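Participant: This is the structure I have questions about; it appears just below.
The values are calculated or read from the model by the stated rules, or taken from the named source; none is laboratory data. Nothing here was measured: the structure is a model prediction, and the numbers come from that model. Cβ placement follows ideal geometry from the backbone for every residue including glycine, while neighbour counts extend to all protein chains displayed. Please note that ligands, DNA and RNA were not included when accessible areas were found on the heavy atoms of the full protein model with its side chains. Shrake-Rupley method; radii C 1.70, N 1.55, O 1.52, S 1.80 Å.
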Amino acid sequence: WEEITHYEDRERVRKTIDESVSVGQRFVSEYRIVSADNKIRWISERGCPIYDEQGEVEAIEGVLEDISLFKFSELAAREA
């Protein structure tokens with residue numbers, strides 16, 4: 001997933017997720033991805049770390065939502 005995250009957002013998104021994992025809390029992050037047709041899409045990701053019996057992170061569970069329409073409308077309103 002990180003490979004399709006827009007290069008300008010990767011470090012911030014990774015930091016958000018890493019901080020969440022280190023304290024065992026949920027995270028929310030909005031960022032851009034580059035789709036297969038090379039278009040920019042905005043994603044809202046909400047998730048939390050899932051731990052195994054040894055306390056190690058086994059997975060990140062979450063929900064991704066395409067918020068592109070909202071973000072592009074917001075940008076248009078600001079420019080108007």
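To keep it simple, each residue is scored yes or no on (1) aliphatic (A, V, I, L, M); (2) modelled with pLDDT under 90.
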{"position": "D9", "(1), (2)": "no, no"}
{"position": "R46", "(1), (2)": "no, no"}
{"position": "A59", "(1), (2)": "yes, no"}
{"position": "V63", "(1), (2)": "yes, no"}
{"position": "I67", "(1), (2)": "yes, no"}
{"position": "A77", "(1), (2)": "yes, yes"}
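Participant: Being modelled with pLDDT of 90 or more and over 20 Å from F72 (Cα atoms) is the requirement here; does I40 meet it?
Facilitator: no
Participant: T5 is checked against (1) over 24 Å from L75 (Cα atoms); (2) open to solvent by less than 60 Å² (accessible area, probe 1.4 Å); (3) within 11 Å of the chain's Cα centre (by Cα) and fails just one. What number does that condition carry?
Facilitator: (1)
Participant: Out of the residues in the range 9-43 that are part of a loop (DSSP other than H, G, I, E, B) and over 16 Å from S68 (Cβ atoms), state the one that is most open to solvent (accessible area, probe 1.4 Å).
Facilitator: Here the residue is R26.
Participant: Over 22 Å from H6 (Cα atoms), touching a helix residue (DSSP H, G or I) at 6+ places or on another chain (Cβ under 9 Å) and without any contact (Cβ under 8 Å) to a residue 60 or more places away in the chain, is that true of V57?
Facilitator: So V57 fits the description; yes.
Participant: I'd like to verify a number: residues in the range 53-80 that are open to solvent by 60 Å² or more (accessible area, probe 1.4 Å) and either over 14 Å from the mean Cα position of the chain (by Cα) or of a type outside the set (D, E) (or both), how many?
Facilitator: Residues in the range 53-80 being open to solvent by 60 Å² or more (accessible area, probe 1.4 Å) and either over 14 Å from the mean Cα position of the chain (by Cα) or of a type outside the set (D, E) (or both): 18 in total.
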